[in-house]
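Here's the structure, in structure tokens; my notes come after.
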Amino acid sequence: MDDPAARPQRVARVAFHLQEAERGGEFFVDTASSETLWTDRTAEPGHSFLPGTRFAREISHHAPPEALTALRHVSRTRWTSAPPAGTAVV
């Protein structure tokens, strides 16, 4: 699990996997508002974050399989785009 007190502090993460494409593909972003996304951890007074700030679950490639299992059934909305080859979606 990431340490929110570690330096430099990470407040967001984005990963891109790029390769030359012969044809277009699909880009998607999932959004959710479930309480399941959050842990019980909060920032303490004297921390770099505002006291009481909640921290999200670790869902990176460092997370154990059981961490992802907890999120598997979270209701979400998937926003999709099917751009043609040579198009970047930002």
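Checking Thr36 against (1) of a type in the set (S, T, N, Q); (2) in contact with a Ser or Thr (Cβ under 7 Å, 6 or more places away or on another chain); (3) at pLDDT 85 or above, which test does it fail?
Result: Thr36 fails condition (2) only.
Taking the options Phe27, Phe55, name whichever one is at pLDDT 80 or above, under 28 Å from Ala88 (Cα atoms) and open to solvent by less than 100 Å² (accessible area, probe 1.4 Å).
Phe27
Quick grid of which residues meet (1) small (Gly, Ala, Ser); (2) at pLDDT below 75; (3) in a strand (DSSP E or B); (4) open to solvent by less than 60 Å² (accessible area, probe 1.4 Å):
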residue	(1), (2), (3), (4)
Arg10	no, yes, no, no
Arg13	no, yes, no, no
Ser48	yes, no, no, no
Trp79	no, no, yes, no
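The values are calculated or read from the model by the stated rules, or taken from the named source; none is laboratory data. These numbers come from a predicted model, not from an experiment. A quick note on method: Cβ atoms are made from the backbone with ideal geometry, for glycine too, and the neighbour counts reach across all protein chains shown. These area figures cover heavy atoms from the full protein model, side chains too; ligands, DNA and RNA do not enter into them. Shrake-Rupley method; radii C 1.70, N 1.55, O 1.52, S 1.80 Å.
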